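In what follows, a single structure is set out as structure tokens and then discussed.
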Amino acid sequence: MPAQIISGTEIAKQIREELKQEIAELKEKHNLIPGLATVLVGEDPASQVYVGAKEKASIALGVYSERHDLPADTSEEELLKLIDKLNKDPKIHGILVQLPLPKHINETRVLYAIDPKKDVDGFHPVNVGKLMIGEPDYLPCTPHGIQQLLIRSGTKIDGAEVVVVGRSNIVGKPIANILIQKKDGANATVTVCHTRTKDMAFHTKRADILIVAAGKAKAITADMVKEGAVVIDVGVNRIGKTPEGKAILCGDVDFDAVKEKAKAITPVPGGVGPMTITMLMLNTVRAAKLAAGLA
Ligand code: GUN
């Protein structure tokens, strides 16, 4: 039987409705408007699309949005100066610096400069550490979105064998960390595979829940998936263009073949992507509440 399609678009819509109400209440009862600043350096087309989507989501939910698009030759010093200004601005509760940054800028130094209280990406080492010990202020957006997709699709996580393919700081490491916590919506046994894993299929075939952030189109084929597994595809690969010039996207999973074997699967697009932006909105609301002593 073909798999249930886990629609990130639908689940994100539900969460955004919940957030919209919460944001309206914060404004009415506390005169508090959550504020998000996005910072983009350079003209990478994919990054421009992502930042545009974040701005659009902010406006739709009633979040104050400030966009700082800087030229590709912006110096690290100029960028750090802007971050310092945003750190001090009371209208701004969350700061998002879109990655990757141009090569001449030290990404680590920039991420360290963001006030951890305004780090709605959850990338600052203070927030990474808090997640590690099970006391997070902010969960990083993509892994949190994945956890919500699992919970809201009714997937049993407690005691499940989870296999993560990919060990990035943005997805692989934090999702493993989230799902091993001794908490509801976690308590899984997690294996993390990566480019030096000897026998990838040995691990992926054992997974009740397979989370793929490999960065390679169709890296996971049907023979690598257990019958009845739940498959979360984090990959976004541009594999061509339509005659109208629109990008054709595919994930890191061979969707058409794997959907015949899996119990449930996320599509690309319309799976993890919409969840990432929604979780950013959730973190921005949380940042505003923390700043106002309401959380
Ligand atoms: N680039 C790709 N994913 C992300 C993300 O989640 N946050 C930021 N800031 N940049 C990204």
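Just so you know, all these numbers are worked out from the coordinates, no wet-lab data involved. Keep in mind the model is a prediction, meaning the values are calculated, not measured. Reconstructed Cβ throughout: ideal geometry from the backbone, glycine too, with neighbour counts over all protein chains shown.
The label point for Asp158 and the one for Thr191, both projected 7 Å from the Cα toward the Cβ, are 2.4 nm apart.
Count the net charge of all other residues whose Cβ sits under 14 Å from the Cβ of Ile265, scoring Lys and Arg as +1 and Asp and Glu as -1.
-2
With runs of 4+ DSSP H residues as the only contributors, calculate the mean residue ellipticity of the chain at 222 nm using -39,500 (n - 2.57) per run, divided by the residue total and rounded to the nearest 500. Theoretical 222 nm ellipticity from helices: -12000 deg cm²/dmol. By DSSP, the beta bridges lying fully in the chain are antiparallel in about 10 percent of cases. Remark: for residue pairs Lys156/Lys183; Lys29/Lys91; Lys20/Lys91; Lys27/Lys56; Lys13/Lys205; Lys20/Lys156, the C-alpha separation exceeds 22 Å in Lys13/Lys205; Lys20/Lys156. Relative contact order, whole percent, for the chain stands at 22, derived from Cα pairs under 8 Å and 6 or more residues apart. Computed from Cα positions, the angle between helix 76-88 and the longest principal axis of the chain comes to roughly 70 degrees. Stretched out straight at 0.36 nm per residue, the stretch from Thr221 to Lys91 would grow longer than its current Cα-Cα span by 42.1 nm.
Need one number: nm distance between label points at Asp256 and Arg238, each 7 Å from Cα along Cα→Cβ, rounded to one decimal. So the two model labels end up 2.3 nm from each other.
Given 0.36 nm per residue, what is the gain on full extension from Lys183 to Asp115 after removing their alpha carbon distance, in nm?
In short, 21.8 nm is gained.
Between the helical axis of 8-30 and the longest alpha-carbon principal axis of the chain there is an angle of about 30 degrees.
Taking a ≥ b ≥ c as the square roots of the Cα gyration tensor eigenvalues, with a/c under 1.5 meaning rounded and otherwise prolate when a/b beats b/c, else oblate, which class fits the chain?
Numbers: a/c = 1.66, a/b = 1.45, b/c = 1.14.
Taking the square roots of the gyration eigenvalues as a ≥ b ≥ c, the chain is prolate.
Pull out a ≥ b ≥ c, the square roots of the eigenvalues of the alpha-carbon gyration tensor of the range 209-263, then state rounded if a/c is under 1.5, prolate if not and a/b is larger than b/c, and oblate in the remaining case. Taking the square roots of the gyration eigenvalues as a ≥ b ≥ c, the range 209-263 is prolate. Would the range 13-143 count as rounded, prolate or oblate if I go by the C-alpha gyration tensor, calling it rounded below 1.5 in a/c and otherwise prolate when a/b exceeds b/c, oblate otherwise? Note, shape of the range 13-143 comes out prolate. Here r is the Cβ-Cβ distance between Ile151 and Asp199 and R0 is 30 Å; the resulting FRET efficiency, rounded to 0.05, is 0.45. Taking label points 7 Å from Cα along the Cα-to-Cβ direction, Leu80 and His30 give a separation of 3.3 nm.
May I ask you to derive the FRET efficiency for Gln21 and His104 from their Cβ-Cβ distance with R0 = 41 Å, giving the value to the nearest 0.05? It comes to 0.40. Restricting attention to the range 160-291, close to 20% of DSSP beta bridges with both partner residues there are antiparallel. Over the range 221-291, what is the mean sequence separation of C-alpha contacts under 8 Å (at least six apart), divided by residue count, expressed as relative contact order in percent? 35 percent. Within the range 203-256, antiparallel bridges make up roughly 45 percent of the DSSP beta bridges whose residues both belong there.
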